[in-house]
1. Based on the Cβ-Cβ distance from residue 238 to residue 56, what FRET efficiency comes out when R0 is 25 Å, to the nearest 0.05?
2. At 37 °C and a viscosity of 0.692 mPa s, what translational diffusion coefficient does Stokes-Einstein give for the stretch 4-129, taking Rh as the Kirkwood radius over Cα pairs? Give it in µm²/s as a whole number.
3. I need the per residue convex hull volume for the stretch 131-247, using only the alpha carbons, in cubic angstrom as a whole number.
4. With each pseudo-label sitting 7 Å past Cα toward Cβ, what's the residue 126-residue 176 distance in nm, one decimal?
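None of the figures in this text is laboratory data; all of them are computed from the coordinates on show. Computed from a prediction, not measured in an experiment: that's the story for all the values here. Methodologically, a virtual Cβ is constructed for each residue, glycine included, from the backbone with ideal geometry; neighbour enumeration extends over all protein chains shown.
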C-alpha cells in the first residue's frame, strides 16, 4: 500500500533519481519536476502529500515555489515542504530562505535523512486528519476548535496551524489554571502572554511545549497586532526545545 505521493523538484537528474529510488523503496509514489514553473503547475493541479524541493533550480528557485504555494487560497497551501539548502549558506540565511518550508536539509542531503523527514511530515498530516480530539466550536465562518494536550501536543497544533497558514489566537490552559495566549499570523508568532502579562514568545513556548495535560483552543480571526520582528513558528519551537535540552 502506498505511503503517499511525493513531488521532487530538482533540476539535477542524479540527485532526483537518488531520492526518488529511496522514497519508492519506502512505499511512496514519486513524481519529479525539473524546474520551478512546471512544479508549481503540478502542485496546483495535483497536490501531493509532500514536496522535496531543491533551493537551486534552473529557472527560478525553491523559495519562489514555496512562497506561492503558501500564498494560495487552495488546499495546496497546506502541503508540507522539505527544502534542500546550499551548504554554503549560513544558518540564519537558511532559516530566512526556508520560511514557508516545514523542514530543511543541507545539500547534498543524506538519503536516510530525506526519507525520514518526508515520512515524518506525511505521517503527521495523516495523524492530524484522524484526530477526533479537535471539536468544532463554531458552525459559521472560519472554524474554531479546541482539544486536550494529552492527545495533541502544542508542537503538533502549532505545526498544523503553520502549515495551513492560519491566522488567529491559541489559548493554552495548563493543569494549574495558568493560561497562555499566543497570536499567530503569516507563519509567525506576533505576541504572547502568560496570565495576561506580555511575555517573550520563546519563554512562553519553553513553558508550554512540554505540557502533557491541559486544554487548548484556537480561535481564527484577523490579528491586528503589528509584527515588529519576524518570529517564525518553527524556528522559535526549535530554539525553545534546544534551550530546554541545554538546561536538562
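1. Efficiency, rounded to the nearest 0.05: 0.60.
2. Values: Rh = 14.2 Å.
In µm²/s, the coefficient is 231.
3. Values: hull volume 12.5 nm³, N = 117.
It comes to 107 Å³ per residue, whole-number rounded.
4. Each label point lies 7 Å from its Cα, and together they span 3.8 nm.
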